[in-house]
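Everything below concerns the one structure shown next.
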Amino acid sequence: MIIPVKDPTRPLECPSLYDLSRPLEVEVGCGRGRFLAGRAAANPDCEFLGIERMLERVRVFDGKTRRMGLSNAHVVRLEALYTFWYLLPAHHARAVYVFFPDPWPKRKHRSHRLFGPLFLSALWKRLETGGRLEFATDHAEYFHVVEECFAHDERFERAVPMERGPGEWTEFETMFRAQNLPIHAAAWRALPADDAPLAPLAIPPEDEPREGIVRRPSRREQI
Ligand SMILES: C[S@@+](CC[C@H](N)C(=O)[O-])C[C@H]1O[C@@H](n2cnc3c(N)ncnc32)[C@H](O)[C@@H]1O
């Protein structure tokens with residue numbers, strides 16, 4: 001099910017997600033949802049939320065979960081850091097999956113990378129104590145950058161990554177494994193720590209909307 005976002009500054013209103021008696025697992029950049037749909041089918045007692053910013057992939061994932069009759073799989077078409085910072089319930093996710101995030105290999109694009117101190121703060125805030133971040137990538141350099149980020153953050157400890165068979169591979173992973181590319185996987189667990197509130201995110205000046213300029217969404221972007 002695609003969850004409509006009515007007010008972009010308030011936590012998501014989705015009764016099933018806020019039924020705190022049910023655990024929540026979140027996938028960032030879930031693509032067409034191969035991994036998450038399979039996991040939701042295998043775990044009917046848990047809620048699953050995909051966060052994906054590409055409309056076509058959101059639609060494919062939504063169609064897949066409808067065909068499979070999954071009422072516990074949801075997807076939002078939103079930016080991941082923003083969603084973690086503002087919209088997810090505090091300390092409720094038991095697992096967050098980030099599989100094959102865009103590595104942004106060019107130096108001038110590195111600021112687009114998901115992992116950094118801001119994402120780790122928002123991630124820790126949304127994970128329950130003991131909750132896990134599962135990470136996989138084909139990009140060795142980005143893998144070491146992410147390892148370094150966590151190594152400098154005392155709110156997380158290293159854990160053994162989950163084992164996933166072919167039925168739990170993502171779309172990109174299936175492609176990379178078919179090419180025999182090396183896959184790097186790691187996991188971390190959230191530890192108890194000082195639970196400071198998250199300050200509002202600063203918008204970089206280049207992203208501030210300019211007065212009088214309103215970009216009309218293309219037909220493909222309109223839901
Ligand atoms: C390389 S693809 C991997 C997709 C999927 N995880 C897989 O392994 O098949 C990265 C995905 O993350 C999405 N994505 C990248 N940055 C994002 C962000 N900041 N917020 C939400 N989605 C994002 C992209 O649209 C894309 O679908």
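Bear in mind these aren't lab numbers, they're just calculated from the coordinates by the rules spelled out. In this text, all values refer to a predicted model and were calculated from it rather than measured experimentally. Don't worry about glycine lacking a Cβ; one is built from the backbone with ideal geometry, like all the others, and counts go over all protein chains shown.
Which value results when the Cα radius of gyration for segment 158-204 is divided by 2.2 N^0.38 Å?
Working: Rg = 17.3 Å, N = 47, 2.2 N^0.38 = 9.5 Å.
Dividing the Cα radius of gyration by 2.2 N^0.38 Å gives 1.82.
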Worksheet item: Along each of its three principal axes, how wide is the spread of alpha-carbon positions in segment 119-191, in whole angstrom units, largest first?
Response: 36, 25, 19
Worksheet item: Hey, how many Å between the Cα centroid of segment 130-175 and the Cα centroid of segment 1-78?
Response: 20
Practice prompt. Give me the percent of DSSP beta bridges within the chain that run antiparallel, rounded to the nearest 5.
Written response: 30
Worksheet item: When all alpha-carbon pairs of segment 24-221 are counted, what percent fall beyond 23 Å?
Response: 47
Worksheet item: How big is the charge dipole of the chain about its Cα centre, in debye rounded to the nearest 20, if each Lys and Arg gets +1 on its Cβ and each Asp and Glu gets -1 on its Cβ?
Response: 860
Worksheet item: What are the residues whose amide H is under 5 Å from the amide H of F100, where those residues sit 5 or more places off or on another chain and H is modelled from the backbone?
Response: A136, T137
Worksheet item: Can you list the aspartates and glutamates whose alpha carbon sits under 12 Å from that of K125, skipping same-chain ones fewer than 8 residues off?
Response: D194, D195
